[in-house]
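K.L.:
This is the structure I have questions about; it appears just below.
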Amino acid sequence: MSKPIHALPRLIGRDTAGLLGLYALTLLVFGLSAPKFLSAANFESIAFQLPDLGLLTLAMLAPIMANGINLAIIAIANLSGLTLAWILNINGGADAGVLAFAIGVIAALAVGGASGAVMGAVIAYFGAHPILASLAMMIFLKGLGEFLTRGGDISGFPDFLREFGHGAILGVPVPMLVFVTAAILWHLLLARTRHGFAVAMIGSNPQASEYSGLHVKRTITLLYALSGVMCALAGIVMLTRFNSVRVGHGDALLLVTVLACFLGGVDPFGGFGRVAPVFIALVILQTLSSGLNLLGANQHLSTAVWGLFLLGVMVLRSGSPMMRLLLGFIRPPRDAPEAREQSPALTDSPAPGHPRS
């Protein structure tokens, strides 16, 4: 019986297995303490609320993998939403048609991509630190948005947008379908393409990546441009859900996206990250927030619990002797076949510059 249990983390990844166990524990605890937690209505509510945070987290994931960060994700999302709202309003507002919406979506994605590309170029070609560059972009875009809207909301959109923000296909909310599709594409980009390989290499060692012939500057610029496009998609989804646009929408989600990345096993120093564990981490965080709301807890308590989650994850992944002792009972013995097997990349390939013995 223990052999399949120990083989599961090797099959799907230790991080993914641990997060699935944490999700099961979350369902059990809130299922016993909140009578309506396991209802279909609650899970439908989670599915409607998750895409906003999920798309923004995907936009944060890729820069962190490259040993960077994008603090402007909320500002880019809101300015992209403002772009879509402006195009809808000049084409009739509530009477705007599907063509105007399509043009607005393309323009919003272009604004998001351009904002990310400018930020990436400043980081790549001028050597600016990602924190400072993205912070400057965030301040600029927020100020621009406040100037254009005079600090107010923009609303009055066509009724058919409600089908995008609140509709469902075969019982699955449309925003959730958008998020799942984006997550699959993001996984393919980061795990199955040369660009994704370059991102991981740059995050591990940018100097060695440049010496090996990778186009580091071009990759970083493209990376932040794609992150901006993902932010724009989040802004479009938020517009259809809230039926309005405001510069301050989603400000509280910025640090939560970082939390979701780290909870999902993304290396904060770059070089490693996977979409699947981050997706599960997002589901856990949203489920936790929903459970606390059903228990009548204040929303600020959810933020505090998210912070405790991050502290717990850091302790569990610290690799300290005490944690190895506490977790030793769930690991296979060192003489077990699972412990003796190593990756072929570690056993069959000599180190660079050293011939085979």
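The values are calculated or read from the model by the stated rules, or taken from the named source; none is laboratory data. This structure is a prediction, so every number in the text was calculated from the model and none was measured. Note that we place each Cβ from the backbone using ideal geometry, even for glycine, and neighbour counts take in every protein chain shown. SASA here: full protein model, heavy atoms, side chains in, ligands and nucleic acids out. Shrake-Rupley method; radii C 1.70, N 1.55, O 1.52, S 1.80 Å.
K.L.:
Can you give me the convex hull volume of the Cα atoms of the stretch 109-172, divided per residue and expressed in Å³? Kindly include the intermediate steps, with their values, before the conclusion.
P.N.:
Numbers: hull volume 9.3 nm³, N = 64.
Considering the Cα atoms of the stretch 109-172, their hull volume per residue is 146 Å³.
K.L.:
Express in Å², to the nearest 10, the accessible area of residue 44 obtained by rolling a 1.4 Å probe over the protein heavy atoms while all chains stay in place.
P.N.:
Rounded to the nearest 10, the figure is 90 Å².
K.L.:
Let me ask something else about it. In nanometres, what is the gap between the two model label sites at residue 195 and residue 155, each 7 Å from Cα along Cα-to-Cβ?
P.N.:
A separation of 3.7 nm, rounded to one decimal place.
K.L.:
Kindly provide the pair-distance distribution of the stretch 93-219 built from C-alpha pairs, with 5 Å bins from 0 and whole-percent values in order of increasing distance.
P.N.:
Computed distribution, short to long bins: 2, 8, 10, 14, 17, 16, 12, 10, 7, 3, 1, 0.
K.L.:
If we restrict to alpha carbons, what Rg and Dmax does the stretch 40-142 come to, in Å?
P.N.:
16.2, 51
K.L.:
Filter the trypsin sites (Lys or Arg not before Pro) in the stretch 171-251 to those in DSSP coil with at most 12 other Cβ atoms within 10 Å of their Cβ, and list the result. Please report the intermediate quantities before stating the final value.
P.N.:
Working: sites: 192, 194, 217, 218, 241, 246; in loops: 246.
Those that pass, being in a loop and sparsely packed, number zero.
K.L.:
Please arrange 159, 251 by accessible surface area, largest first, computed with a 1.4 Å probe and ligands excluded.
P.N.:
Ranking 159, 251 by accessible area, largest first, yields 159, 251.
K.L.:
Now for a different question. Using alpha-carbon positions, what is the distance between the centroids of the stretch 117-176 and the stretch 52-89, in Å?
P.N.:
5
K.L.:
Check which residues have an amide H placed less than 5 Å from residue 66's amide H, if you skip close sequence neighbours.
P.N.:
271
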